[in-house]
């Protein structure tokens, strides 16, 4: 089996709902990432053999194969094919896996894995809520209802179930949310994200234009007192909006090649894909799969959690990474070192390659060797990727 290398990794800065990126059509926003990958790597765009793009809300402006539409809006030639992937929040992490598998097999040498989500223009849950002619348009089929009688699948419920199962307190979750903002503030003010962010031109309400290059969701006035004053999401619950991921607009992508691609394109690798795992788990608690997924990934790679220098565990809700830390016996100082989705936003289909972009650049900055990324996904799924820093 051949190797797969990441040779470039970029993302847009996150835009809050109806914020800086609201006027960007998602195909055009994703095209900016595709262009940046080509420009920064210096490759001939015609050498890209496929674009695999994650997107969860594949409706409206994100329908009709958003990946192909992004290619048509970019500087990539028409000869470059593209396809869209939906593995819920892990969509673009799965895109990365598919891209890596393609180049490892030798059937392709150069593939872009990317993701996009405009949650301002295509609201979360839109594909589920669309009306259907027969009036029964809902993803829970009679067969599913028979297997899971009386169950209303909900990530909010799953997040609270995680907090209960792993005995996480409101104060513990608030402290994690506060830390996410503090780390994101430090990273932004220290210029840590500068090399990974593609500046996007936006127009302000007063007609002036600027380059959007700082994540818009960070709360610079965050305090533990303020965190504690936010109302809980569910009666007798522990999670709040302040300990949940932010709705976000954004795009991200990575350029993946094999050994032959490195030589033919004349590019240098940033990282090597060490291990790729995807698992299914309980679709009711839904958000727990990163734990068994991580254990399986480490076992397959013949590694322990102590071998990993940095972890990116998506902050869909604070209960997910905090439970993961406890169950894995992991070092909290290695987790989401520049903040996570609670502060930076969670642009659903774009989050997989967004987190990978941050992980690749953070490994270089910290001088670490191995990084691990995982995220919970609707339906009780989780992807896990382990990379080796080669910078």
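The values are calculated or read from the model by the stated rules, or taken from the named source; none is laboratory data. Predicted, not measured: the structure shown is a model, and the values here were computed from it. Cβ sites come from the backbone with ideal geometry, for glycine too, and all protein chains shown count toward neighbours.
If the condition is being closer than 16 Å to residue 11 by Cα and either in a helix (DSSP H, G or I) or at pLDDT below 95 (or both), then the range 322-342 contributes only 341.
Just to be sure, is residue 121 surrounded by fewer than 24 Cβ atoms within 10 Å (Cβ to Cβ), at pLDDT 95 or above and assigned to a helix (DSSP H, G or I)? It would help to see each step written out before you state the result.
Working: surrounded by fewer than 24 Cβ atoms within 10 Å (Cβ to Cβ): yes; at pLDDT 95 or above: yes; assigned to a helix (DSSP H, G or I): no.
So residue 121 does not fit the description; no.
If the condition is being in a helix (DSSP H, G or I), in contact with a helix residue (DSSP H, G or I) (Cβ under 8 Å, 6 or more places away or on another chain) and buried (at least 18 other Cβ atoms within 10 Å of the Cβ), then the range 269-316 contributes 290, 291, 294, 298. A Cβ distance below 6 Å, combined with a sequence gap of six or more or placement on separate chains, defines the contacts here; from the range 79-91, residues that are closer than 21 Å to residue 380 by Cα reach residues that are surrounded by fewer than 23 Cβ atoms within 10 Å (Cβ to Cβ) and modelled with pLDDT of 95 or more in the pairs 84/65; 88/378.
In the list 66, 43, which residue meets the criterion of being in contact (Cβ under 8 Å) with a residue 12 or more places away in the chain, over 16 Å from the mean Cα position of the chain (by Cα) and under 13 Å from residue 349 (Cβ atoms)? Residue meeting the stated conditions: 66. Scanning the range 356-374 for residues that are surrounded by fewer than 22 Cβ atoms within 10 Å (Cβ to Cβ) and within 20 Å of residue 278 (Cβ to Cβ) yields a total of 1.
Taking the range 127-214 and the helices (runs of 4 or more DSSP H) fully enclosed by it, the elements with 3 or more residues that are within 22 Å of the chain's Cα centre (by Cα) are at 155-165, 170-189.
Residue 351 meets all of the listed conditions (1) closer than 18 Å to residue 93 by Cα; (2) part of a loop (DSSP other than H, G, I, E, B); (3) out of contact with any helix residue (DSSP H, G or I) (no Cβ under 6 Å at 6 or more places or on another chain) but one, namely (2). A single entry from 355, 335, 381 fulfils the requirement of being closer than 30 Å to residue 70 by Cα and more than 10 Å from the chain's Cα centre (by Cα): 381. Scanning the range 354-386 for residues that are part of a helix (DSSP H, G or I), touching a strand residue (DSSP E or B) at 6+ places or on another chain (Cβ under 6 Å) and over 23 Å from residue 286 (Cβ atoms) yields a count of 5.
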